[in-house]
1. Is it the case that residue 173 is among the aromatic types (Phe, Trp, Tyr) and not in a helix (DSSP H, G or I)?
2. Return yes when residue 231 is surrounded by 20 or more Cβ atoms within 10 Å (Cβ to Cβ) and either free of Cβ contacts under 8 Å to residues at least 24 places away in the same chain or not β-branched (Val, Ile, Thr) (or both) and no when it is not.
3. Looking at residue 136, is it touching a Leu at 6+ places or on another chain (Cβ under 9 Å), in the same structural domain as residue 175 (by TED's automatic domain parsing) and at pLDDT below 95?
4. Starting from residues that are under 24 Å from the mean Cα position of the chain (by Cα) and not in a loop (DSSP other than H, G, I, E, B), keep the ones in the range 176-195 and report whichever is nearest to residue 155 (Cα to Cα).
5. Kindly evaluate residue 99 against the criterion of being touching a Lys or Arg at 6+ places or on another chain (Cβ under 9 Å) and acidic (Asp, Glu).
6. Does the range 119-128 include one or more residues that are assigned to a loop (DSSP other than H, G, I, E, B) and farther than 14 Å from residue 12 by Cβ?
7. Hey, can you tell me all the residues within the range 157-175 that are under 23 Å from the mean Cα position of the chain (by Cα) and surrounded by fewer than 23 Cβ atoms within 10 Å (Cβ to Cβ)?
8. Confirm whether residue 122 is free of Cβ contacts under 8 Å to residues at least 60 places away in the same chain, within 21 Å of the chain's Cα centre (by Cα) and closer than 24 Å to residue 223 by Cβ.
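The values are calculated or read from the model by the stated rules, or taken from the named source; none is laboratory data. Predicted, not measured: the structure shown is a model, and the values here were computed from it. Don't worry about glycine lacking a Cβ; one is built from the backbone with ideal geometry, like all the others, and counts go over all protein chains shown.
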Amino acid sequence: MGVSLKTEAVVLRSMRFGEADRILHLYTPHRGRCSAIAKGVRRARSRFGGRLEPYFRLHVVLYEGRSDLMTVTSAQTIAGHPRLREHASALDSAARACDAVSRLFTTPEPHPGVFALLCNELSLLDGGAGGERSHATHANQLAFRMKLMLAAGLAPQLAACASCGEADHLSSFSGAAGGVVCNTCEGSGFALGEEAHRFMTGALGSPLADAPRAGDLALRQADRAIAETLEHHAHVRLRPALPG
């Protein structure tokens, strides 16, 4: 016998299915990532209206039966983030944020902190879309990914050499080692400047809304450090973070 689940959810992805249905990838605070079918949602008189689009934050009721797919039986909008769709850079950043969550957190394991982080990111992107304080920047995307890595237990070692523990002369970064490396161990890494190191440390320690700024070279180095760490330790390759 099936049961109904009431939960908040963010729509990560929506795909057409059959003549009038959609398959949704959702992220929830207590059931992690899950998939559900919304029947008849593409019909003109669907009771769901336009509420099941990507990046919507919702109150949903999901029916869980024998199928691997749950069924959406009710959906109410908490935040539709309408300004995202008016500005290409904000929409692109939202897509990359949802894609990163989808790839790094693939199971039903609960991660309320990740759900809150994603909601915060979408709210920041929507609130600053097209404005003077736009958060659709390269620095914001990287700071978001750093915080996701922390939640996944994959945050890089930044305080001391990840290979030998040396606290000084940290001149390089090694994805294989999982963090910064000293002059002695730098053969396994690439050059990481002081500005990039400060950015990565600041991104972990600052609220997402206050992500530190850095120059283009430092951000490219941080981007490479994040990508190589995830590839080596999570076997995940994210879509590139692009400058806003």
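1. Yes, satisfied.
2. Judged against the criteria, residue 231 is not a match.
3. Taking the combined requirement at face value, the residue satisfies it.
4. 179
5. yes
6. Looking for residues that are assigned to a loop (DSSP other than H, G, I, E, B) and farther than 14 Å from residue 12 by Cβ, one finds none in the range 119-128, hence no.
7. Selection gives 157, 158, 175.
8. No; evaluated as a whole, the condition is false for this residue.
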